Structure formats: structure tokens, C-alpha cells
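The values are calculated or read from the model by the stated rules, or taken from the named source; none is laboratory data. All values reported here derive from a predicted model rather than from experimental measurement. Here Cβ is always computed from backbone atoms with ideal geometry, including for glycine, and neighbour counts include all displayed protein chains. For the accessible areas, the whole protein counts, side chains as well, though only heavy atoms, and no ligand, DNA or RNA atoms are used. Shrake-Rupley method; radii C 1.70, N 1.55, O 1.52, S 1.80 Å.
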Amino acid sequence: MLSMPKAPFLAVGLLEALAAATGMAAGAILSGASIPILSQTFLVWQILLSVIFLGRRYRVNQLLGCFLVAIGVIITVAR
């Protein structure tokens, strides 16, 4: 475990810290109802970026679940 490279974990940690900081900054500007809704889009971004950068392939039921989350976010934001 100690021989594993630490750089990827450092990069992920820094990105998570950046996400937390920008989320707090957005919390000061956005209405309270928007923040949990926007956090649901994380799943969509995660799948999209893993397909682009990692070449990951997903099953149809996984993509359908992500699609349903995205539709729910769109419906909620549109109201």
C-alpha cells in the first residue's frame, strides 16, 4: 500500500477541496432549493467525464438510471 503512487490521490483530494469551496461560494448566491438539485447533476458529469477521459463503458441500465436522474433535475429546475 505504501508503494502506490500518491499523486493521483493528491489530485483527487485537491479537486474535491475545490468542489467544496465552489459549492460553498455558490451557496451564498443561489437559492436554497437549487443547491441539492444541482448536486444531483454530479452523477451525469461523473459518467460523462469517465467516458471521455477513461474510456469507460456503461451498461444500458446504468445509463437509463443516469438519464432518469437528469430528467428529474430538468423537471425540478424548470418548475
Q.
Anything in segment 24-68 that is in contact with a Leu (Cβ under 8 Å, 6 or more places away or on another chain) and modelled with pLDDT under 85? List them, or say none.
A. ALA26, LEU30, LEU38
Q.
Filter segment 1-16 down to the residues that are hydrophobic (A, V, I, L, M, F, W, C) and either within 13 Å of the chain's Cα centre (by Cα) or open to solvent by 60 Å² or more (accessible area, probe 1.4 Å) (or both) and list them by number.
A. MET1, LEU2, MET4, ALA7, PHE9, LEU10, VAL12, LEU14, LEU15
Q: With the checklist (1) within 15 Å of the chain's Cα centre (by Cα); (2) of a type outside the set (D, E, K, R); (3) open to solvent by 70 Å² or more (accessible area, probe 1.4 Å) in hand, flag the one item ALA19 doesn't pass.
A: (3)
**Q.** Residue tally, condition in a helix (DSSP H, G or I) and either surrounded by 10 or more Cβ atoms within 10 Å (Cβ to Cβ) or in contact with a His (Cβ under 9 Å, 6 or more places away or on another chain) (or both), over segment 50-67
**A.** 8
Q: Scan segment 27-46 for residues that are within 14 Å of GLY65 (Cα to Cα) and either more than 8 Å from the chain's Cα centre (by Cα) or open to solvent by 60 Å² or more (accessible area, probe 1.4 Å) (or both) and jot them down.
A: GLN40, PHE42, LEU43, TRP45, GLN46
Q.
Contact list please: Cβ distance under 8 Å, first residue in segment 33-49 and closer than 14 Å to GLY23 by Cα and assigned to a helix (DSSP H, G or I), second residue open to solvent by 80 Å² or more (accessible area, probe 1.4 Å) and modelled with pLDDT under 85, pairs at least six apart or on different chains.
A. SER34/VAL77; ILE37/VAL77
